[in-house]
Amino acid sequence: MKRFQALLDQLTLGLDNRTYNLEQSSELVCRHVQAELGCSQVSIWLLDERPEGPVMRHQIGYDGPAARVLIATDSICHADILPYVQELTQQGVFASDDAWADERLGALRDSFLKPLDLRSVLYATIGANGATTAILACAERGRTRHWTAGEIRTLKAYADAISLRRARRHRREAEAKSLAQRLLQT
């Protein structure tokens, strides 16, 4: 976890001084998680709640075996994914050793999992104040995988560390904006 915290320190500084943009930072997070957990793919998905149901938008990812960045793809929006998204957001983590056979993922099976040959998935939520804004996702392509308790805890710890950093950054930005407004009023 120390190496991940050091990476987040580097990225926070890089975002502050504009050495990195959000996409570059997200890619470096995906590369780190993929290397640490050894899963085929790691992605960050943005989660939007809409009246018609949840919408998951792929931000960026990294495919370890192919050594390539996964650029944003289409959004996933099915009324059928609501139970899966609700379980994920309530638990904060979602693991499936056999995603194709897992009934909780039925809405994603034919449209998403099978075309990409994703057999096992591990997801953890990123958010603040009880709201999930993103998902850190590990997937195993081509074969099933048993996610260990340690891997599940590690991914959740990474997602929680990102959530904490995002909350701190938003708080700093709000404080700076408030200070600027007060200075302009005096």
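Readers should treat all values here as calculations from the given coordinates under stated rules, not as data from a laboratory. Keep in mind that this is a model prediction, so the values were computed, not measured. Cβ coordinates were reconstructed from backbone atoms using ideal geometry, including for glycine residues, and neighbour counts include every protein chain displayed.
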Three principal axis extents, largest first, for the C-alpha atoms of segment 7-78, in Å?
-> 38, 31, 18
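Over the chain, what relative contact order in percent results from Cα pairs under 8 Å that are six or more residues apart? Display every interim value, and only then the final one.
Values: 297 pairs, mean separation 34.0, N = 186.
The normalised contact order for the chain reaches 18 percent.
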Looking at Ala107, Gln181, Val93, which one has the Cα that reaches farthest to the positive end of the dipole of segment 2-185 (charges on Cβ: Lys, Arg +1; Asp, Glu -1)?
-> Gln181
Grab the other residues whose beta carbon is less than 11 angstrom from that of Arg3, score K and R as +1, D and E as -1, and report the net.
-> -1
Fraction in percent of alpha-carbon pairs per bin - 5 Å, the chain = 1, 8, 15, 21, 20, 15, 9, 5, 3, 2, 1, 1, 0
Built amide H within the under 5 Å cut-off of Ile60, gap 5+ | Ile44
Once amide hydrogens are built 1.01 Å from N within the peptide plane, the residues lying 5 or more places from Ile126 or on another chain with amide H under 5 Å from its amide H are Thr133, Ala134, Ile135, Leu136
Read phi for every residue in segment 175-186 and hand back ³J(HN,Hα) as whole Hz from Karplus 6.51 cos²θ - 1.76 cosθ + 1.60, θ = phi - 60°, with x for Gly and Pro.
-> 5, 5, 5, 4, 4, 4, 5, 5, 5, 5, 7, 8
Isolated Cys in the chain by the 4.7 Å beta carbon test?
-> Cys30, Cys77
